[in-house]
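Okay, structure first, notes after.
The values are calculated or read from the model by the stated rules, or taken from the named source; none is laboratory data. No experiment lies behind these values; they were computed from the predicted model shown. Virtual Cβ from ideal backbone geometry, glycine too; neighbours counted across all protein chains shown.
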Amino acid sequence: MKDKLIEGIVENVLQGRRNKDDEGIEEENIGEPGVAELVQEALDNGIDTNTILLEGLSKGMEQVGQKYETGEYFIPDMLTAAEAVEAGMTVMEPYLAGEGTSEGKGKVIMATVEKDLHDIGKNLVSIMLKGAGFNVVDLGIDVPAARIVEAAEEENADLVGLSALLNTTMVNMEDVVKELEKKGLRDKIKVIIGGAPTSDDFASEIGADGYGKDAFAAIRVAEELLKAGGNK
Amino acid sequence: MSQRGVVVAKPYERLSREQVELINRTSLDILKSPGILCYHEESVSLLEKAGAKVKATREGEHDAWWVSIPEKAVRQALDTAPSKVTLGARNPENQVIMDAEETRVHFGSGSETNYWLEVEPETFVSKQDGREQVFPVMKKSRGNVSYLCRSAHLANNLENLDFFIRNVNVQDEDITTDNKDVNVFFASLNNITKPVIGGIADFEQLEKVVNMAEIIAGGKEELIKNPVTSFITSVIKSPLQVVAETAEKLIAIARMGLPVVISTSPQGGSTAPIDEMGMVAQVNAEALTGIVINQLANPGAPVIYGAVPVRARMDDLHDMYGVPEFCHYNMACAQMARYYKVPCYSTAGVGDAKVPGVQAAVEKMFTYSAVPFAAPDLIHYAFGLLDKTQTFSPEQAVLDNHQIGMVKFLHRESGVNAEAADKTKQIVEEVMNSPYRMYARYARKMLRRGGVFGGFPFEGENDDQDQTLLKLNERFRQLEEVEPQHLPEDICSRIFEQTPGLLPRLNPYA
Ligand code: B12
């Protein structure tokens, strides 16, 4: 029973099926339980959240990553799988809260900075971070520095991820760092940045902690920073 | 039904119906007067029986005849010429089934280059900073039988190549007029399971080549049903002259009932008028002449309207392939052939450039994007040809295969229909109500079904260097490793027994 449920979760992550209404890569499975239903069933059967997370959701995502590396899977498959993981996480949230581990790998605030409307890359990063087990709060586009910092404080975030696609808006990233400093939050909250005009150098220049050239780098950098830097 | 090639749903009609009829009329007028100059006696008597007016003359050392071909002889030939012609193949699934009333376009190779040009990666050290970098160095060799075998094997593995015309001339020391044809056809047929089309250099070899093909097909009748090899005869020397030896081959092939391409290649500006009206009227008259002789020799014999009109280069009168006029000529000819309901053999994708690179890519992509819009049945010269057909480059052929894949993809159906419209509304609704408003999820099915084009597979990693040629070389090397699909051993040994002149080194079982 347990093995079958966990296997089903892995398989449905691979198929990118959030719930029973989704079709997978193969068409015939609409109506069959997806990740949300299977996670619920697993919980109802007393399987612990850690097992569901590690042996089900994360393992599925790991396999998706391998398939991407060998060229069998593409970005749409990754995104879809990440969405399925997110659906599973949503079901688990109340249980995790009960166990006091609701933040998963850590809490991340994502935003595209003020005056910038580009969000395809930022969304990709958000979805993939969620798929990797982070708890992501996405504030959307054109978000002023003050609002980002306010949300980070309210949400008790570990990390702020900023996106900018214009060289006229990337400067607004520095405001976020300064605002965090002003509020005395800079020690507790790491900042990572990304978007085409930004770079490693620019990140150091504005005092951010890391830069990611794509969504995979975003996960890598986030994991390193939260491992190294005093995740509560 | 043939699955090879690609259907061009709505062929581009460059010429209006009136213009097509005007060209037809002009060609018929030209065939009447001045008529053609024919060097082949048997053709002359066939044409005379069909009502042509004939006047003997001398051209230098040769007997020749001015032949005024009447319209009714042309009509008669077009009536008997079939609109459906099948190019057979060792693997019958690879047959190319042509129907002049349909618009399926097939791509193939050609034609007898003197040189084989290969990439050899070499490491260089920068004088600026001592950094090592690999560059593609080009190595050019004279064509030989071994290169021909390699190119046929390569062609077998290029998924967008639909038919094979030998693309390297064999210049080995032990190749003579007496054994060239048999070796060329054997080298081709033993390495490819797709249709083979080729010219015969020496009339005496025709029977031996056909015998070889019969052994492969499994008999005379079987060869007619599945002609594993078809022929090309360049029966016309432009302007408007019928060559004796080729006419003889054309008649013999027609009587055997095997498919034959009437290929005529006038050069606009030297051997034909340079303007579209003049060029197409003449090349059309020339192609019609070949069809008439073919049908007089054997009414109903499978024949293909082959026009290879090129433009002259104005500084040296060499052929020029990568220019807009080349597309005009060829697109118009495809329209003429469709008007006559005879399958059409056309041309695209030759690089005037000497080596693969920017110039070659520009020229090739230009013509093999444009010409298929006119939907000729066959497009030859499309793989690896450079230096105005002087040079074959296997790496270029690999790239051409990719570019032709793009062209084939371009002509896919749109998928616009009522069911798709409903699906669209449903998906838009779903996405608009989802957190990130992303369609990525819905791209997966298209992706899996091969509905999403893969992009450029030969992209390099370096920021400061175009590595395409190096990548193409890697791919070519991989393809060379693919197990060859040789003829079975018993067939090979029968062919070697019955075909004097075959080089023993070509026998894969020796
Ligand atoms: C799509 C697009 C738009 C769309 C945006 C749609 C949308 N929903 O986002 C629209 C049409 C709205 C748009 C508008 C404009 N655009 Co625009 N746009 C683009 C374009 C073509 C692609 C961006 C994109 O989505 N890329 C795909 C994603 C997947 O890549 P990405 O964003 O880089 O994200 C990846 C990484 O950077 C990284 N990443 C991104 N964010 C983050 C965050 C973190 C924390 C981390 C770790 C990593 C990370 O990971 C992502 C995934 O791999 C770019 C061209 C380009 N080459 O970037 C121009 C571009 C960014 N746009 C440009 C311009 C000029 C504009 C306009 C000003 C045009 C105008 N005159 O109106 C407006 C500005 C609107 C505004 N105020 O923001 C310029 C910017 C020039 C500059 N140097 O500043 C560009 C570069 C085009 C160009 N070459 O001119 N644009």
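The table that follows gives values for the structure above.
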item: Extreme residue, surrounded by the most Cβ atoms within 10 Å (Cβ to Cβ), among residues of region A:165-181 that are touching a residue at least 40 places away in the same chain (Cβ under 8 Å) and out of contact with any helix residue (DSSP H, G or I) (no Cβ under 6 Å at 6 or more places or on another chain); result: A:Met173
item: Scope region A:193-232; condition farther than 18 Å from A:Met128 by Cβ, of a type in the set (Asp, Glu) and in a helix (DSSP H, G or I); matching residues; result: A:Asp200, A:Asp201, A:Glu205
item: Search result, residues across region B:483-495 that are more than 24 Å from the chain's Cα centre (by Cα), in contact (Cβ under 8 Å) with a residue 12 or more places away in the chain and surrounded by fewer than 19 Cβ atoms within 10 Å (Cβ to Cβ); result: B:Glu489, B:Ile491, B:Ser493, B:Arg494
item: Residue list for region A:183-192, restricted to those being more than 9 Å from the ligand (Cβ to nearest atom) and not in a loop (DSSP other than H, G, I, E, B); result: A:Lys190
item: Criterion: touching a residue at least 24 places away in the same chain (Cβ under 8 Å) and either closer than 24 Å to B:Asn294 by Cα or surrounded by 22 or more Cβ atoms within 10 Å (Cβ to Cβ) (or both) - qualifying residue of B:Val54, B:Val119, B:Val44; result: B:Val119
item: Residue match in region B:344-351 (condition: more than 30 Å from B:Val119 (Cβ to Cβ), assigned by TED's automatic domain parsing to the domain that holds B:Thr391 and at pLDDT 95 or above); result: yes
item: Residue count, region B:415-464 (criterion: within 10 Å of chain A (Cβ to nearest Cβ) and assigned to a helix (DSSP H, G or I)); result: 10
item: Filter result for the condition that a residue is over 20 Å from A:Leu124 (Cα atoms), among the β-branched types (Val, Ile, Thr), in contact with a Gly (Cβ under 7 Å, 6 or more places away or on another chain) and not assigned by TED's automatic domain parsing to the domain that holds A:Gln66, over A:Val177, A:Val171; result: A:Val177
item: Only listed residue being closer than 30 Å to A:Ala145 by Cβ and hydroxyl-bearing (Ser, Thr, Tyr), chosen from A:Thr112, A:Thr70, A:Thr80; result: A:Thr112
item: Residue ID - nearest to A:Lys20 (Cα to Cα), chosen from residues in region A:65-107 that are away from the ligand (no atom under 16 Å from the Cβ) and of a type in the set (Ser, Thr, Tyr); result: A:Thr90
item: So A:Asp214, is it within 13 Å of the ligand (Cβ to nearest atom) and either outside the structural domain of A:Glu55 (by TED's automatic domain parsing) or under 30 Å from A:Met61 (Cα atoms) (or both); result: yes
item: Residue satisfying condition, being closer than 30 Å to B:Phe456 by Cα and either assigned to a helix (DSSP H, G or I) or touching a residue at least 24 places away in the same chain (Cβ under 8 Å) (or both), within set B:Ala370, B:Ala332; result: B:Ala370
item: Selection from region A:115-124 of residues that are crowded, with 20+ Cβ neighbours inside 10 Å and away from chain B (no Cβ under 11 Å); result: A:Asp116
item: Answer residue from region A:127-149, given it is of a type outside the set (A, V, I, L, M, F, W, C), within 12 Å of another protein chain (Cβ to nearest Cβ) and out of contact with any Pro (no Cβ under 9 Å at 6 or more places or on another chain) and is surrounded by the fewest Cβ atoms within 10 Å (Cβ to Cβ) among those; result: A:Gly140
item: Unmet criterion (only one of (1) more than 14 Å from chain B (Cβ to nearest Cβ); (2) surrounded by 24 or more Cβ atoms within 10 Å (Cβ to Cβ); (3) within 11 Å of the ligand (Cβ to nearest atom)) for A:Met110; result: (1)
item: Output for region A:137-156, where each listed residue is within 13 Å of the ligand (Cβ to nearest atom) and either small (Gly, Ala, Ser) or not in a helix (DSSP H, G or I) (or both); result: A:Asp138, A:Leu139, A:Gly140, A:Ile141, A:Asp142, A:Val143
item: Qualifying residue in region A:46-66 (condition: within 11 Å of chain B (Cβ to nearest Cβ), of a type in the set (Val, Ile, Thr) and under 15 Å from A:Gly24 (Cβ atoms)); result: no
item: Index of the failed condition, A:Gly195 passing every other in (1) near the ligand (Cβ under 8 Å from one of its atoms); (2) under 14 Å from the mean Cα position of the chain (by Cα); (3) in contact (Cβ under 8 Å) with a residue 40 or more places away in the chain; result: (2)
item: Single residue of region A:115-131 satisfying the filter (of a type in the set (D, E, K, R) and within 10 Å of the ligand (Cβ to nearest atom)) that is modelled with the lowest pLDDT; result: A:Asp119
